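K.L.:
The structure is given below, and queries will be raised subsequently.
Here, each number is a calculation from the coordinates, and none is a lab measurement. On a predicted model such as this, the values are computed, not experimentally measured, just so you know. Virtual Cβ from ideal backbone geometry, glycine too; neighbours counted across all protein chains shown.
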Amino acid sequence: MNITPTKLKDCYILQPQIFGDDRGYFYESFHFQKFSEVTGLVVTFVQDNQSSSTYGVIRGLHFQKGAAAQAKLVRVISGRVIDVAVDLRPESSTYGQYEAVELSAENRKQLFVPRGFAHGFSVLSESVEFVYKCDNYYNPKEEDGIIYNDPTLNIDWGIPHGEEIISKKDLKLPRLS
């Protein structure tokens with residue numbers, strides 16, 4: 001498994017080594033010891049989630065506050081997305097910056113999103129199955145977010161204007177500022 005740092009502090013792209021033959025394939029999607037050795041981070045995942053979405057859906061940008069903050073390891077098992085992580089840690093040298101990575105069933109890339117980040121994705125394929133591991137349990141009282149089209153961030157979600165599908169809840173999210 002290759003673990004590559006992004007431009008954001010503590011945020012990494014994981015690219016597994018694929019072992020395939022005429023029967024199919026196998027890959028290790030996560031290895032605690034390898035991850036910890038490369039990143040210096042100790043992360044224990046406690047919850048796995050999966051979502052299904054259709055073309056044009058933008059989910060996010062979401063995060064959990066305070067003691068409910070979550071680190072996530074996200075990947076796509078079918079389809080294709082643009083996955084976005086935004087550094088919200090005021091003390092970080094990359095505060096207010098974002099990383100956008102294409103994740104797909106074909107490239108099998110994963111994105112590690114540390115605690116203190118907002119996260120979201122847009123669906124580029126007809127549909128997507130999106131899975132993510134979290135290192136803390138979801139707490140609805142501590143959820144928050146940033147509007148997907150925040151002008152300060154100016155994220156290119158890869159979805160033409162007017163084709164975005166955004167939940168009513170996400171349309172009410174505040175700006176980063």
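K.L.:
Residue pairs, Cβ under 8 Å, 6 or more apart or interchain, first in segment 1-25 and under 14 Å from residue 71 (Cβ atoms), second loosely packed, with under 10 Cβ neighbours inside 10 Å. List them.
P.N.:
Taking only residues 6 or more apart or on different chains, the pairs are 9/93.
K.L.:
Let me ask another. With the requirement that a residue be without any contact (Cβ under 8 Å) to a residue 24 or more places away in the chain and either assigned to a helix (DSSP H, G or I) or touching a helix residue (DSSP H, G or I) at 6+ places or on another chain (Cβ under 8 Å) (or both), what does segment 31-46 give you?
P.N.:
Across segment 31-46, the qualifying residues are 32, 33, 36, 37, 42.
K.L.:
If you don't mind, another one. Residue 105 - would you say it is of a type in the set (Gly, Ala, Ser) and in contact (Cβ under 8 Å) with a residue 60 or more places away in the chain?
P.N.:
No.
K.L.:
Return the total of residues in segment 72-131 being assigned to a strand (DSSP E or B) and not basic (Lys, Arg).
P.N.:
Step one: list which residues in segment 72-131 are assigned to a strand (DSSP E or B), which gives 72-78, 80-87, 98-104, 110-113, 117-123, 127-131.
Subsequent filtering for residues that are not basic (Lys, Arg) retains 73-74, 76-78, 81-87, 98-104, 110-113, 117-123, 127-131.
Residues in segment 72-131 being assigned to a strand (DSSP E or B) and not basic (Lys, Arg): 35 in total.
K.L.:
Hey, among the residues in segment 148-169 that are under 12 Å from residue 84 (Cβ atoms) and acidic (Asp, Glu), which one's surrounded by the most Cβ atoms within 10 Å (Cβ to Cβ)?
P.N.:
Filtering first and then ranking leaves 150.
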